[in-house]
Number of protein chains: 2
Amino acid sequence: MKAAVLREAKKPMQIEDVKISKPGPHEVLIRTVAAGICHSDLHIADGLFPFPLPTVLGHESAGIVEQVGSDVRYVVPGDHVITCLSVFCGHCEHCLTGHMSRCMTDEWARGPKDEPRLSSDKGRLHQFINLSSYAEMLLVSEHNIVKIRKDMPLDKACVIGCGVMTGFGAAIHTAKVEPGSTVAVVGCGGIGLSAINGAAVAGAGRIIAIDMLGSKLNLAKEFGATDVINAKDGDVVAKVRELTGGGVHYSFEAIGMKKTAEDCFSMLRAGGVATIIGMIPIGTNIEIHGPELLQEKKMQGSMMGSNRFRVDMPRLVDFYLADRLKLDLLVSHTIKLNQINEAFDTLRKGEVARQVIKFDA
Amino acid sequence: MKAAVLREAKKPMQIEDVKISKPGPHEVLIRTVAAGICHSDLHIADGLFPFPLPTVLGHESAGIVEQVGSDVRYVVPGDHVITCLSVFCGHCEHCLTGHMSRCMTDEWARGPKDEPRLSSDKGRLHQFINLSSYAEMLLVSEHNIVKIRKDMPLDKACVIGCGVMTGFGAAIHTAKVEPGSTVAVVGCGGIGLSAINGAAVAGAGRIIAIDMLGSKLNLAKEFGATDVINAKDGDVVAKVRELTGGGVHYSFEAIGMKKTAEDCFSMLRAGGVATIIGMIPIGTNIEIHGPELLQEKKMQGSMMGSNRFRVDMPRLVDFYLADRLKLDLLVSHTIKLNQINEAFDTLRKGEVARQVIKFDA
């Protein structure tokens, strides 16, 4: 099969012939139909996060089951699936209490011990976070996929696997936004827009979108934002307080920066909760002013939107088909696998919402 | 009536003859039966927190209703009451959603406009946070008191009004400790011991008490601690992780220090919640390591234990009378009003749990 191989950070990926293994007892072979291009892939390609090379990037995909391992009961060939970032074990404290996005057991992630899942004639290729979606086939654990209805377009379904689930879930699961409440979302990329979408579906009364790009703020309105603030226009916290008469019930940080995370805490009303979705860099501390805790403010992190994958992803699919989840607005471009390096260049410029690779059938 | 008047910080209080006003329409005159001596009073007496002087300190009291204003319907003369720190308004967003400890409306706190509630022949005395308990009589808003059953000893009931409610409520209301879960409490003064007591009543599986004084750790066991750690013996966070196989579900900070608040976050397992009860000084920031938020850890503040005063205080009284709330262990000394300066000296040394002034009948 063909796959985009990254052999060296900061160098273009090459489309190569790659060998994929056969499914072990609990594994599933999937024909990739579509894969989203996410900032996390870019961070690896640009050498900002460490990951062993060579690898095949991509972690946001959807496809059709081709072959299943001997012990797989969840899917059969022909089933449509979305891939997940997390391989839940199904029997730890987190999984058993409905928090599988917190599962840290890695027993299902390893795959067969003797044979690499991916290789080329130059040797082993490291599978990227148990997925490697920039390839015509995927070999993954059965705990890595969610089965969805077949009338769902897979080139839209793929983005549910990472950014959409993360942002939407942060609003409806981690923060549990209440109908009628006030919400602020800082950062209107794919994750922030999905958080706005989630807050709107959950019935928020007022949703304030905050970004530095007017184009993203305009897009935010289509996702459900009732108010927008351009962060270039001055003190965001003061503006949020003014708009809401003292602060919001829920704030969301969807960038991953110290300053915006701290702003999210400061813009809360008494009893409010700031949910940090963005990946704060290792070594960065978020500082919160101690006495403000007396107002019963909270700060919490969200991991993959606190989702229960097999329960929640089919619901997101239903929301899309009912025109409540705005994936058509989110997916800005559809490209071919051999355009991947240009797509990464576009992402570096930061103006697009989401690009999706559509594989040839 | 007699009252202990503080005319100058860092100087002894004087027992003086003090004039108390008549109840306005929504006010209640109470004969003070008992009043606890709390660190917050000490902080004012020592000039650490600003408060206008002269004043009569004391904010943790219980007594018997003597006279009620024309519009008061909640109590009649002869009723037994505990005083609250907070004057809830009853009609703001916080009050109407069961969070009256967050109420910031002050309309009930002001009292009659023309006349000071307290005065002496030298002029006006400032009432201390709408209470001033170190006096034979109290004149307060009807939203400042909770009626309790008459078989409850008032010299035990008084401490429910501040420290007990704050610590116990942080465990059962703010954090909502689950049966079988693991808990750590940092700081075993009156508030920390009450948090331990609350966690025990809520059915926690394991409660780890942490302090630097062996005597307090021994006392903590009587309140329900299953394990104790003396913070002098090294890395508290590492010890908590070792005892619990990776961290606790709930941690409580009951001192008010940056380091211990940060420790409370670090000692959480994935998905755990740190509740800060202690008063962190103005200007002090709590730093939390950003990437740990990805484990869905939370930090939150608790204000007066998130209590709904009129609902929760009678429940605490019932817990005491059922021997589940350990007030007898908490109240270490009973003194007379004229011993108040010695009692403050004892508190400065820090070894006692709670001293209570019992007024002459």
In region B:270-279, anything within 16 Å of A:MET299 (Cα to Cα) and touching a strand residue (DSSP E or B) at 6+ places or on another chain (Cβ under 9 Å) is listed as B:GLY271, B:GLY272, B:VAL273, B:ALA274, B:THR275, B:ILE276, B:ILE277
In region B:146-161, anything farther than 10 Å from B:ALA35 by Cα and open to solvent by less than 10 Å² (accessible area, probe 1.4 Å) is listed as B:VAL146, B:MET152, B:ILE160
Matching residues in region A:87-128 (at pLDDT 90 or above, open to solvent by 60 Å² or more (accessible area, probe 1.4 Å) and under 30 Å from A:GLU16 (Cα atoms)) number 3
All-but-one check, B:ILE282 against (1) more than 14 Å from A:GLU292 (Cβ to Cβ); (2) touching a Pro at 6+ places or on another chain (Cβ under 7 Å), failing number (1)
Inspect all residues belonging to region A:331-345 and state whether any of them is open to solvent by less than 10 Å² (accessible area, probe 1.4 Å) and among the basic types (Lys, Arg). no
Going through region A:301-326 in order, the residues found to be out of contact with any Leu (no Cβ under 6 Å at 6 or more places or on another chain), open to solvent by 10 Å² or more (accessible area, probe 1.4 Å) and facing chain B (nearest Cβ under 7 Å) are A:SER306
Among (1) more than 20 Å from B:ALA254 (Cα to Cα); (2) buried (at least 17 other Cβ atoms within 10 Å of the Cβ); (3) more than 7 Å from chain A (Cβ to nearest Cβ), B:LEU293 falls short only on (3)
Flagged in region B:285-317 as free of Cβ contacts under 8 Å to residues at least 24 places away in the same chain and farther than 24 Å from A:LEU294 by Cβ, in numbering order, are B:PRO291, B:LEU294
Filtering region A:319-347 down to residues that are over 17 Å from A:GLY163 (Cα atoms) and either among the charged types (D, E, K, R) or outside the structural domain of A:ASP155 (by TED's automatic domain parsing) (or both) yields A:ASP323, A:LYS336, A:GLU342, A:ASP345
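Of the residues A:MET100, A:MET137, A:MET165, which single one is in contact with a Lys or Arg (Cβ under 7 Å, 6 or more places away or on another chain), more than 14 Å from chain B (Cβ to nearest Cβ) and touching a residue at least 24 places away in the same chain (Cβ under 8 Å)?
A:MET137
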inquiry  = Just checking, does region B:153-173 include any residue being in contact with a Pro (Cβ under 7 Å, 6 or more places away or on another chain) and of a type in the set (A, V, I, L, M)?
reply    = no
Counted residues in region B:281-328 being hydroxyl-bearing (Ser, Thr, Tyr) and under 22 Å from B:SER266 (Cβ atoms) come to 2
So, first residue over 25 Å from B:ARG31 (Cα atoms) in region B:45-70, second residue part of a loop (DSSP other than H, G, I, E, B) and open to solvent by 30 Å² or more (accessible area, probe 1.4 Å), Cβ within less than 7 Å, six or more apart or across chains; the pairs are B:ASP46/B:ALA9; B:ASP46/B:LYS10; B:GLY47/B:ALA9; B:GLY47/B:LYS10
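Could you list, in sequence order, the residues of region A:167-193 that are assigned to a helix (DSSP H, G or I) and modelled with pLDDT of 95 or more? First the steps, then the outcome.
Of the residues in region A:167-193, the ones assigned to a helix (DSSP H, G or I) are A:167-174, A:190-193.
Residues satisfying the conditions are A:GLY167, A:PHE168, A:GLY169, A:ALA170, A:ALA171, A:ILE172, A:HIS173, A:THR174, A:GLY192, A:LEU193.
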If we keep only residues of region B:168-194 that are closer than 21 Å to B:ALA322 by Cβ and away from chain A (no Cβ under 14 Å), then the residue farthest from the chain's Cα centre (by Cα) is B:VAL177
Practice item. Check whether at least one residue in region A:254-264 is touching a Gly at 6+ places or on another chain (Cβ under 7 Å) and within 22 Å of B:ARG102 (Cβ to Cβ), and report yes or no. Key: no
Considering region A:269-283, residues that are crowded, with 24+ Cβ neighbours inside 10 Å and within 7 Å of another protein chain (Cβ to nearest Cβ), and then whichever is farthest from A:PHE49 (Cα to Cα), we arrive at A:ILE276
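The values are calculated or read from the model by the stated rules, or taken from the named source; none is laboratory data. It should be emphasised that the depicted structure is a prediction, and the values quoted were computed from it without experimental measurement. Quick reminder, even Gly has a Cβ in these numbers, built from the backbone with ideal geometry, and neighbours come from all protein chains shown. These area figures cover heavy atoms from the full protein model, side chains too; ligands, DNA and RNA do not enter into them. Shrake-Rupley method; radii C 1.70, N 1.55, O 1.52, S 1.80 Å.
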